[in-house]
Amino acid sequence: MFPIKAIHTQLLIMKKFFPVFFLLISVTTFCQTNVVIVPQPVSMKMGTGNFTFDKATRIVASKSDMHEATMLNVYLKKLYGFTLPVKSATAATNNEHSIIFKLTSSGKKDEYHLDVDANKITIRSPSNEGLFYGMQTLLQLLPPTKENIADGFPVPAVSIDDYPRFQYRGMHLDVGRHFFDVDFIKKYLDYMAYQKYNTFHWHLTEDQGWRIQIKRYPKLTSVGGYRNGTIIGHYPGTGNDSIHYGGFYTQEQIKEIVKYAKDRFITIIPEIEMPGHASAAIAAYPQLSCFPDQSTEISPRVPWAGSRVGKQVQQAWGVFPDVFCPSEYTFKFIENVLDEVMQLFPSKYIHIGGDECPKTYWKKSAFCQKLIKEKHLKDENGLQSYFIQRIEKYLNSKGRRIIGWDEILEGGLAPNATVMSWRGEQGGIDAAEQHHDVIMTPGKYVYFDHAQTKNSDSLTIGGYLPLDTVYNYHPVPKELNDSLAHYILGAQANVWTEYMANPQKVEYMIFPRMSALSEVLWSPKDSRNLDEFKEELPDMYKRYQLWGTNYFKSLP
Ligand code: TNX
């Protein structure tokens with residue numbers, strides 16, 4: 001294993017042959033590209049010489065790994081504008097000058113081995129996702145630019161053995177505060193795939209917009225999918241742009257995105273928020289509120305556009321008191337919504353939110369107070385717990401499991417719930433101690449909506465999260481001993497979009513922090529080194545340019 005990650009490829013110079021010497025000098029200069037693979041592999045040994053990647057190169061795959069061969073071509077086309085012919089592997093296949101995919105019969109599920117020598121490139125793994133990850137590593141051995149590649153290019157000889165540290169490697173995106181179209185979601189999934197993330201947490205419903213078509217409740221998107229304006233600047237806003245804003249994904253688009261993710265071994269976990277952050281749903285179906293006839297309360301500090309009468313989709317950010325009423329009407333509504341959601345998303349987990357649910361309306365509501373008594377609940381927190389547990393029971397009965405933000409610990413955890421610890425690490429520690437699975441997303445380390453510079457260089461939510469803090473994050477809290485550590489499935493960065501109105505801003509906020517987190521999640525803990533990672537940043541920037549993404553230029 002090489003301790004130093006950025007290794008300059010070296011060529012043996014045979015001084016004996018004078019003309020060859022000069023030729024090799026020039027090839028050496030050309031080949032002196034850093035080998036930078038992010039996330040850093042478990043083991044990487046540089047060999048000697050190069051594989052010449054050119055138009056004569058072939059991909060060799062059998063039926064069982066044809067998908068990964070096809071995906072290699074998808075990425076070659078996207079990044080460099082060409083594809084390679086694919087040959088079917090048979091006993092007689094000539095493997096000279098080929099990239100060979102091979103499923104093996106033993107080993108850990110996600111591990112892969114990538115070997116490059118002068119004759120061939122071999123990617124081996126016991127699983128298709130392992131082959132996919134090996135293919136992603138290979139892509140990072142290819143040039144970081146599409147200039148001057150027409151006559152081929154060298155790929156340094158290398159031998160890599162690799163597998164992930166955590167099983168859950170997540171990125172989240174809030175499409176409620178701002179809406180991002182199908183093309184951008186696909187780009188986001190590719191950014192994830194390049195760095196071996198495997199879970200996309202899609203935050204689909206919010207106070208400011210409901211973004212998923214539900215056929216049984218068309219007003220969720222026709223009414224709840226749009227707002228009459230958006231505040232300008234930081235909350236509460238210096239004005240309101242008065243622009244009718246919104247959008248949603250049709251079920252056909254969702255199916256297309258789920259398939260796109262599956263092709264990249266990414267599971268999508270949809271989030272349907274409850275019982276809070278429900279203003280958009282309530283604007284569409286006011287009976288979901290405990291006070292259906294009461295107009296939405298609008299803070300006098302918030303500049304507002306359009307009508308103030310009736311239930312409104314929110315135009316400013318924050319936490320709002322009008323939440324789902326725990327009535328039979330609401331439960332039936334949520335079950336019907338979840339039925340459609342489950343048909344679209346095959347994931348084991350459904351995220352049900354559970355965060356930031358003020359209890360003021362439940363306190364005022366005679367119905368809620370009666371329910372608390374009837375069900376022998378302690379208080380409104382008990383009522384929230386009752387709410388979540390009822391939904392968990394329903395989803396469990398359909399073979400799914402729930403994930404909720406760490407507030408679902410309050411008033412008693414639903415029996416099979418997985419907890420997303422966001423307000424710090426304590427929620428995760430408590431849940432693991434209660435033997436529940438945990439995904440760590442603490443604000444201090446992985447909130448990519450926080451600024452990357454001390455004096456924020458653009459409009460951000462507040463909070464400062466530099467690259468170093470992300471890189472140095474350890475998802476397993478030190479409070480957990482070895483017997484509890486395995487409840488930490490992994491971690492996830494959250495991308496809340498109050499102050500990200502377009503894809504370029506999202507990209508600017510996630511890179512390079514997303515690359516740093518990929519090493520936290522994938523690479524062995526002891527081999528990570530912040531200084532080396534920072535030295536590699538200029539190479540990463542070139543890679544970002546090849547991917548076509550915007551990024552924040554953090555100084556190495
Ligand atoms: C808290 S994290 C929220 C979001 C906000 C975010 C802003 C969480 C479960 N809830 O609704 O967008 O803070 O950083």
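None of the figures in this text is laboratory data; all of them are computed from the coordinates on show. The structure presented is a predicted model; accordingly, all values stated were derived computationally and were not measured. FYI the Cβ positions are ideal-geometry reconstructions off the backbone, even for glycines, and counts take in every protein chain you see.
What is the list of residues in segment 50-74 whose amide nitrogen lies under 11 Å from a point 7 angstrom out from the Cα of His97, following Cα to Cβ?
52-58
Dipole of segment 357-397, Cα-centred, from +1 at each Lys and Arg C-beta and -1 at each Asp and Glu C-beta, to the nearest 20 debye? Walk me through the intermediate numbers first.
Numbers: 9 positive and 4 negative charges, 28 e Å.
Here segment 357-397 has a charge dipole of around 140 debye.
Compute, for segment 204-416, the length of the dipole vector about the Cα centre, with Cβ point charges of +1 (Lys, Arg) and -1 (Asp, Glu) only. Units Debye, rounded to 20.
Numbers: 26 positive and 24 negative charges, 96 e Å.
So the dipole magnitude of segment 204-416 works out to roughly 460 debye.
Using the Cα atoms of the chain, I'd like the radius of gyration and the largest Cα-Cα distance, Dmax, both in angstrom.
25.7, 95
5 Å is the cut-off here: which amide hydrogens, built 1.01 Å from N in the peptide plane, fall below it relative to Tyr249, excluding neighbours closer than 5 in sequence?
Excluding prolines and chain starts, which carry no amide H, the hits are Ile212, Gln213.
What share of the DSSP beta bridges in the chain is antiparallel, in percent to the nearest 5?
Numbers: 26 of 69 bridges.
Of the beta bridges lying entirely in the chain, close to 40 percent run antiparallel.
Going toward the positive end of the dipole of the chain, with +1 on Lys and Arg Cβ and -1 on Asp and Glu Cβ, which of Ile232, Asn94, Thr104 do you reach last?
Asn94
Excluding same-chain residues fewer than 8 positions from Lys108, which lysines have a Cα within less than 21 Å of its Cα?
Filter leaves Lys45, Lys196, Lys262, Lys525.
Work the Kirkwood hydrodynamic radius out for segment 204-416: mean of 1/r over every pair of different alpha-carbon atoms, inverted, in Å. Could you put the intermediate results ahead of the total?
Working: mean 1/r = 0.0560 Å⁻¹.
After inverting the pairwise mean of 1/r, the radius is 17.9 Å.
Counting other C-beta atoms within 10 Å, and keeping those with at most 10, which DSSP coil trypsin sites (Lys or Arg not before Pro) do you find in segment 424-514? Present the calculation step by step, with values, prior to reporting the outcome.
Numbers: sites: Lys444, Lys454, Lys478, Lys505, Arg513; in loops: Lys454, Lys478.
In loop regions of segment 424-514 (DSSP not H, G, I, E or B), the sparsely surrounded trypsin sites (Lys or Arg not before Pro) are Lys454, Lys478.
Distance from the Cα centre of segment 343-415 to that of segment 244-309, in angstrom?
Using only Cα atoms to place each centre, the spacing works out to 18 Å.
Taking 2.2 N^0.38 Å as the expected size of a compact globular protein, what ratio does the Cα radius of gyration of segment 439-556 give against it, to two decimals? Present the calculation step by step, with values, prior to reporting the outcome.
Numbers: Rg = 14.7 Å, N = 118, 2.2 N^0.38 = 13.5 Å.
Relative to the rule-of-thumb radius for its length, segment 439-556 sits at 1.09.
Work out the charge dipole of segment 204-416 with +1 on the Cβ of Lys and Arg and -1 on the Cβ of Asp and Glu about the Cα centre, then indicate which of Gly399, Ser295, Pro275 is farthest towards its positive end.
Farthest towards the positive end: Gly399.
Which value at 222 nm does the chain reach when only helices count, each DSSP H run of 4 or more adding -39,500 (n - 2.57), with the total divided by all residues and rounded to the nearest 500 deg cm²/dmol? Provide the component values of the computation, followed by the final result.
Numbers: 19 runs with 184 residues, N = 556.
Computed ellipticity for the chain at 222 nm equals -9500 deg cm²/dmol.
Where the only charges are on Cβ atoms (+1 Lys, Arg; -1 Asp, Glu), what is the dipole of the chain about its Cα centre, to the nearest 20 debye?
Numbers: 60 positive and 59 negative charges, 182 e Å.
Roughly 880 debye, rounded to the nearest 20.
Over the alpha carbons of segment 38-92, what is the largest minus smallest coordinate on each principal axis, giving the biggest first in Å?
Principal-axis extents of segment 38-92 (Cα, largest first): 30, 29, 22 Å.
Order these by the 10 Å Cβ neighbour count, fewest first: Ser43, Ser88, Ser105, Ser385.
On the way: Ser43 15, Ser88 11, Ser105 5, Ser385 22.
With the sparsest Cβ surroundings first, the list reads Ser105, Ser88, Ser43, Ser385.
Among Thr460, Ala56, Thr221, whose Cα sits farthest toward the positive end of the charge dipole of the chain (+1 at Cβ of Lys/Arg, -1 at Cβ of Asp/Glu, about the Cα centre)?
Of Thr460, Ala56, Thr221, it is Ala56.
Using a 10 Å cut-off around each Cβ, can you sort Val35, Val419 from fewest to most neighbouring Cβ atoms? Walk me through the numbers before you get to the answer.
Working: Val35 20, Val419 28.
The order, fewest Cβ neighbours first, is Val35, Val419.
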